[in-house]
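Single-structure report; data block below.
We did not get these values from a lab; they are worked out from the coordinates using the rules stated. Being a predicted model, the structure only gives us computed values, none of them experimental. FYI the Cβ positions are ideal-geometry reconstructions off the backbone, even for glycines, and counts take in every protein chain you see.
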Amino acid sequence: MTKPRLWAGDIYRMLARYAERRGYKVEELEASQSDGGGYKEVTFAVKGDGAYSVFKWEGGTHRVQRVPRPRAPAASTLRTATVAVMPEAEDVEIEIDANDLKIDVYRSTGPGGQSVNTTDSAVRITHVPTGVVVAMQDEKSQLQNKDKAMRVLRARLYERGARAAARRARRDTQRANRQRRARREESARTTSPRIASPTIALKLTVHQLDRILGGELDEFTEALVTDDRRRALGE
């Protein structure tokens, strides 16, 4: 057991409680637990109208720093947990060729390798072109595990495609900017100065960590939504 895994468990419970407070349904899809209530990794779905627009702000690295009391011998410690937030892609949004999938089935196992059941209910799906692998074994039915694995695989492939599209858009924008600069230099005309929107730095400090870990994140979400709107208006 390591302390960062405990922090990952705290983050999972915080997000699940926040989802429930907002009326969303939480479904755990895949979890790799450690002793003492921590997690090596956990994948869960948040279902409900507007769930992604709320939880997209939670993606990234969550850090907690333990500062020792005055005159205490222990040094401060920093623990981190990374959260990835992905929309659940539908069949119409991302097509997966069945020929690109390698599907393995095997027996689900619990801690210490103890057999959970006597059937090959666990499913591991590999998307061969990208190398993305998803494994599910929490359900008793092979069909249910396969369905969950496909949902997670679809979301991960959707995220990869979105990231690739964003990189292409940045490259296209940079290329267009270089071309515009080159044309201005060739024509030797006076051009208007570029209008740069000011960088808006968001700083929000909220005390009472226990309340935050209990899922009371509305203050953060509202501040981030407001900041995003300001950025959009500035641009």
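At a glance:
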read-out: For region 22-28, 3J(HN,Hα) per residue [Karplus equation, 6.51 cos²θ - 1.76 cosθ + 1.60, θ = phi - 60°, Hz, x = Gly/Pro]; value: 8, x, 8, 9, 10, 10, 6
read-out: Peptide ranges 14-21, 79-86 listed from the most packed, as the mean C-beta count within 10 angstrom indicates; value: 14-21, 79-86
read-out: Filter on LYS25/LYS102; LYS25/LYS56; LYS56/LYS140 - keep pairs with C-alpha separation over 21 Å; value: LYS25/LYS102; LYS56/LYS140
read-out: Label point at LYS140 placed 7 Å out along Cα→Cβ; residues across region 30-66 whose backbone nitrogen lies under 11 Å; value: none
read-out: Amide H contacts of VAL132 (H built 1.01 Å from N, under 5 Å, at least 5 apart or other chain); value: HIS127
